[in-house]
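Here's the structure we're looking at; comments come further down.
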Amino acid sequence: LPGSPLQASNEDGSKLPACPEESPHILGPLNINVSLVISIEEVVFVYPNVRPGGHFNPADCEARQRIAIVIPFRRREWHLSLWLFYMHQFLQRQQADYGIYVIEQHGNATFNRAKLLNVGFAEALKDYDYNCFIFSDIDIIPMDDRNYYRCYNNPRHMANAVDKFKFKLLYNTLFGGVTAFSKTQFQKVNGFSNAFWGWGGEDDEMYSRVVAAGMRVERPNSVMARSKMIPHHRDPGNETNKKNVVLMQYARANMKQDGLNSLQYKVVNITRHHLYTRICVDIGKPE
Ligand code: UDH
């Protein structure tokens, strides 16, 4: 398989030591410039060490988790270059064994972020035995690499201090932007609902699933969780959907039959780019 990570081992074939709990390469607070204009070609040039499809693992130790970063996507190319520029270095400093999956919704039907994330989970598992999934919007860039993008004892909300909201958690059950689930945690909630078309509600519904499944949402402290959002306008095809507000309230009832076990889609094509894997997918349209 092109781009599948190499087994971490020494030249003589013996196993590498496990990576330390805390990486020696961590810098702490980072300077992120969201106005930076950088082309994808320039970003490729920065990362000769990434394998095709956007895979990387540390050369000198065996990472503790195998992490798939899954991004919902449609027509945000300039965000993608910037995100890749900052995030490869961020993940590498954290000594992550990771692959990046950009799940692109085909066509012009109403956007469905949650369904794309379910597709990313299913498709990434066909590549490699990932055991941790980070679901990240393309416009959020963490400002501190002590915010380890990995999985914890409970599902984790990573972007709880975003500059756009003055670094404050808007409400207690906020669960949007960037979240981390182990494979088992995500299966336990049956993934996201597939029924949230347009903007809003799918993240709140997921919060309810987590609680209904007997888990809780963890967060890093608000200093380490500081993140920048790349400013943008609302995208056409992703208008607020009032139906989602109603749907949100039925998480507990719906989670058994609406999610990974009812997921249907058609892969249009898969591109193994140097810096990421792009999966263009037909996820249908609202009924
Ligand atoms: N996304 C796309 N393309 C789209 C819509 C959404 O790639 O057309 C993805 C992208 O990863 C994005 C995520 O879905 O980061 C979430 O969508 P969003 O950024 O529209 O949601 P957010 O809540 O912004 O961040 C809402 C609109 C803000 C308008 C602000 C006007 N000042």
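Among the residues that make up the range 261-283, is at least one of them at pLDDT 95 or above, within 15 Å of the ligand (Cβ to nearest atom) and outside any strand (DSSP E or B)?
Checking the range 261-283: at least one residue is at pLDDT 95 or above, within 15 Å of the ligand (Cβ to nearest atom) and outside any strand (DSSP E or B).
Total residues in the range 10-32 satisfying the condition of being surrounded by fewer than 12 Cβ atoms within 10 Å (Cβ to Cβ) and not acidic (Asp, Glu): the figure is 10.
Considered as a group, the residues in the range 158-178 that are surrounded by fewer than 24 Cβ atoms within 10 Å (Cβ to Cβ) and polar (S, T, N, Q) include one that is nearest to the chain's Cα centre (by Cα), and that residue is Thr173. Could you say whether any residue in the range 235-258 is in contact (Cβ under 8 Å) with a residue 24 or more places away in the chain, under 21 Å from Ile69 (Cα atoms), touching a strand residue (DSSP E or B) at 6+ places or on another chain (Cβ under 7 Å) and open to solvent by 70 Å² or more (accessible area, probe 1.4 Å)? The answer is no; no qualifying residue exists. Considering Arg51, Arg64, Arg75, Arg113, the condition of being charged (D, E, K, R), surrounded by 20 or more Cβ atoms within 10 Å (Cβ to Cβ) and either within 16 Å of the ligand (Cβ to nearest atom) or over 14 Å from the mean Cα position of the chain (by Cα) (or both) is satisfied by Arg113 alone.
Is it the case that the range 232-240 has a residue that's assigned to a loop (DSSP other than H, G, I, E, B), of a type outside the set (Asp, Glu) and more than 16 Å from the ligand (Cβ to nearest atom)? Looking for residues that are assigned to a loop (DSSP other than H, G, I, E, B), of a type outside the set (Asp, Glu) and more than 16 Å from the ligand (Cβ to nearest atom), one finds none in the range 232-240, hence no.
Counting only residues that are modelled with pLDDT of 95 or more and not aliphatic (A, V, I, L, M), the range 222-234 holds 3 of them. The single condition from (1) farther than 20 Å from Cys132 by Cα; (2) surrounded by 14 or more Cβ atoms within 10 Å (Cβ to Cβ) that Met215 fails is (1).
Comparison of Ser9, Ser14, Ser81 shows that the only residue that is at pLDDT 95 or above and among the polar types (S, T, N, Q) is Ser81.
Looking at the range 78-110, which of its residues are away from the ligand (no atom under 16 Å from the Cβ), in a helix (DSSP H, G or I) and not aromatic (Phe, Trp, Tyr)? Residues satisfying the conditions are His88, Gln89, Leu91, Gln92, Arg93. Within the range 98-114, residues that are among the acidic types (Asp, Glu) reach partners that are near the ligand (Cβ under 10 Å from one of its atoms) with beta carbons closer than 7 Å, at six or more positions or on different chains, in the pairs Glu104/Phe73; Glu104/Arg74.
The values are calculated or read from the model by the stated rules, or taken from the named source; none is laboratory data. This one's a predicted model, so the numbers in the text were calculated from it and none came from an experiment. Backbone-built Cβ (ideal geometry, glycine too); neighbour counts: all protein chains shown. Accessible surface is based on the protein model in full, side chains and every heavy atom, while ligands, DNA and RNA are left aside. Shrake-Rupley method; radii C 1.70, N 1.55, O 1.52, S 1.80 Å.
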